[in-house]
Amino acid sequence: MASMHVMSGAGDKLDMPVIQQISIADLGDALRRGTADFWAKPSHYVLLMLIYPIIGIVLTVWMNGWHAWTLLYPLVGGFALVGPVAALPLYEISRRRERGENPGWRDAMAVLRSPAMGSIVAVGAMLFVLFTLWLTSAQALYESLFGPSPPHTLDVLVNQILTQPGGMTLLAVGTGLGALFALVVLCTTVIAFPLMLDRDVGAYVAVETSFRAVMRNPVPLLAWGVIVGAGIFLGSLPLFVGLAVVLPILGHATWHLYRKLVGDASLIRKPEPAEEHTTG
């Protein structure tokens with residue numbers, strides 16, 4: 001059934017990858033490999049270099065026209081929540097380069113025809129729900145401190161944060177709330193999308209494997225979350241232009257992090273109930 005393929009992959013049994021232990025040094029190696037993938041054909045990212053400034057301008061006009069400056073920080077943080085979906089073509093480029101191929105954008109967009117697309121859409125929908133909840137929570141937090149009237153300009157918002165009693169509360173609680181959402185995304189999707197693209201294991205196994213990866217490597221993967229968050233924040237400062245470099249490098253690096261966490265031949269299978277009864 002298609003729904004079962006979405007949740008459990010193409011096979012009849014759940015393929016549960018074995019998680020390898022990594023160190024902080026492995027994060028640096030993954031970033032170096034990701035940077036190498038990025039610079040191999042930087043012309044592939046010309047379009048991205050145009051897209052992100054346009055996104056920045058559109059968001060600025062929208063927030064100014066609709067007085068939605070309270071969502072500026074949550075929207076920037078939202079790149080970390082939905083980034084794994086946007087990075088799918090980057091995973092494919094890294095996967096093909098790993099095989100010794102010379103991929104172009106046509107090859108990268110082949111992910112849209114992946115047999116795992118149903119699973120990918122399912123986990124992507126989960127991220128979209130989390131992103132929506134994050135924006136809703138951020139808006140509710142602002143209104144609980146400053147009322148329903150939004151700031152008309154960015155200067156007014158900055159002034160509220162720096163001078164009014166609820167400003168530091170907004171900053172501290174908002175940051176903590178965003179970190180909580182980011183932690184949920186990290187635990188459920190840190191390697192979910194590369195795993196589904198590579199092995200078509202299904203949404204359930206992909207999310208469960210990501211969770212096990214974080215549980216076995218809490219310090220390195222929490223550090224990875226900090227690296228991703230800091231990179232996205234810094235890349236967003238100049239009207240999102242820096243994301244044209246930051247996001248591709250992080251996307252490629254995520255593929256290499258996946259390879260370090262899940263070996264090529266490290267699959268185990270959960271036995272069927274009938275098999276358990278027989279062997280017992």
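Tell me which of these THR70 doesn't satisfy, since it passes every other one: (1) at pLDDT 70 or above; (2) assigned to a helix (DSSP H, G or I); (3) open to solvent by 50 Å² or more (accessible area, probe 1.4 Å); (4) more than 21 Å from VAL246 (Cβ to Cβ).
For THR70, the exception is condition (3).
Can you say whether ALA138 is under 24 Å from SER210 (Cα atoms), buried (at least 16 other Cβ atoms within 10 Å of the Cβ) and among the hydrophobic types (A, V, I, L, M, F, W, C), as far as the supplied structure shows?
No; evaluated as a whole, the condition is false for this residue.
All but one of (1) modelled with pLDDT of 95 or more; (2) outside any helix (DSSP H, G or I) hold for VAL201; which doesn't?
Evaluating VAL201 over (1) modelled with pLDDT of 95 or more; (2) outside any helix (DSSP H, G or I) leaves (1) as the failure.
Would you mind finding the one in LEU81, LEU141 that is of a type outside the set (S, T, N, Q), over 30 Å from HIS252 (Cα atoms) and out of contact with any His (no Cβ under 6 Å at 6 or more places or on another chain)? If you could, list the steps in order and put the result at the bottom.
On the way: LEU81 fails: over 30 Å from HIS252 (Cα atoms).
Of the residues listed, the single one that is of a type outside the set (S, T, N, Q), over 30 Å from HIS252 (Cα atoms) and out of contact with any His (no Cβ under 6 Å at 6 or more places or on another chain) is LEU141.
Residue by residue, here is whether (1) open to solvent by 30 Å² or more (accessible area, probe 1.4 Å); (2) of a type in the set (A, V, I, L, M); (3) farther than 19 Å from PHE181 by Cα; (4) not in a helix (DSSP H, G or I) holds:
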residue	(1), (2), (3), (4)
TRP224	no, no, no, no
PHE233	yes, no, no, no
VAL241	yes, yes, yes, yes
HIS252	no, no, yes, no
TRP255	no, no, yes, no
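Which of the residues that make up region 204-220 are touching a residue at least 40 places away in the same chain (Cβ under 8 Å) and of a type outside the set (Gly, Ala, Ser)? Before you say what the answer is, go through the steps one by one.
Residues of region 204-220 touching a residue at least 40 places away in the same chain (Cβ under 8 Å): 204-209, 212-213, 216-217, 219-220.
Within region 204-220, TYR204, VAL205, VAL207, GLU208, THR209, ARG212, ARG216, ASN217, VAL219, PRO220 qualify.
Give region 145-172 a look and list any residue that's surrounded by fewer than 16 Cβ atoms within 10 Å (Cβ to Cβ) and within 29 Å of the chain's Cα centre (by Cα), or say none.
LEU154, VAL158, MET168, THR169, LEU171, ALA172 - these are the residues of region 145-172 that are surrounded by fewer than 16 Cβ atoms within 10 Å (Cβ to Cβ) and within 29 Å of the chain's Cα centre (by Cα).
Step by step: first the residues of region 257-278, then only those that are modelled with pLDDT under 50 and assigned to a helix (DSSP H, G or I), then the one that is surrounded by the most Cβ atoms within 10 Å (Cβ to Cβ). Which residue is that?
Of everything passing the filter in region 257-278, GLU275 is surrounded by the most Cβ atoms within 10 Å (Cβ to Cβ).
Considering only residues that are touching a Gly at 6+ places or on another chain (Cβ under 7 Å) and part of a helix (DSSP H, G or I), look in region 83-111 and name the one that is most open to solvent (accessible area, probe 1.4 Å).
So the first thing to find is which residues in region 83-111 are touching a Gly at 6+ places or on another chain (Cβ under 7 Å), and the list is 85, 87, 90-91.
Going one step further and asking which of them are part of a helix (DSSP H, G or I), we end up with 85, 90-91.
Details: VAL85: 55, LEU90: 12, TYR91: 8 Å².
Looking at residues that are touching a Gly at 6+ places or on another chain (Cβ under 7 Å) and part of a helix (DSSP H, G or I), I get VAL85.
The values are calculated or read from the model by the stated rules, or taken from the named source; none is laboratory data. What you are looking at is a predicted structure, and each value in this text was computed from that prediction instead of being measured. A quick note on method: Cβ atoms are made from the backbone with ideal geometry, for glycine too, and the neighbour counts reach across all protein chains shown. Surface accessibility is based on the protein's heavy atoms, side chains included, excluding ligands, DNA and RNA. Shrake-Rupley method; radii C 1.70, N 1.55, O 1.52, S 1.80 Å.
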